[in-house]
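Remarks on the structure that follows.
We did not get these values from a lab; they are worked out from the coordinates using the rules stated. All values reported here derive from a predicted model rather than from experimental measurement. Here the Cβ positions follow ideal geometry from the backbone for every residue, glycine too, while neighbour counts run over all protein chains shown.
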Amino acid sequence: MDYKVKKMHSVSHSLRNSFKNIIFKRYPLLSEIIFNWNDILGETLSLQIYPKRICVNNKKSILHLGILQNHLGTEIYYQKHLILERITRYFGSNIIDDIKIG
């Protein structure tokens with residue numbers, strides 16, 4: 001019985017790593033943010049919002065976030081600076097200049 005549980009865990013781990021490698025080749029910064037989202041924001045915020053894409057305009061990188069419940073939009077908007085601060089702290093440099101919600 002333990003063998004099956006370990007086997008299933010290793011398959012899911014392998015799939016996650018394969019998926020991460022595929023995304024990382026095309027979107028390295030976004031994939032790092034996606035796969036470390038819980039560590040960056042903590043469980044409470046990471047369950048409410050998710051990273052959708054990163055756009056780079058005029059040397060500014062903008063992280064677009066999706067929200068799971070529309071009524072949280074205003075609350076998340078006011079926490080924008082907190083989210084930027086946590087991303088900067090996690091990566092050790094200012095890699096995201098702005099956040100857009102929606």
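Test of the criteria: in the stretch 36-65, which trypsin sites (Lys or Arg not before Pro) are in a DSSP loop and have at most 13 other Cβ atoms within 10 angstrom of their Cβ? Don't jump to the answer; show the numbers that get you there.
Working: sites: 52, 53, 59, 60; in loops: 59.
Filter output for the stretch 36-65: 59.
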>> Please report the antiparallel percentage of DSSP beta bridges with both residues in the stretch 28-101, rounded to the nearest 5.
In response: 65 percent
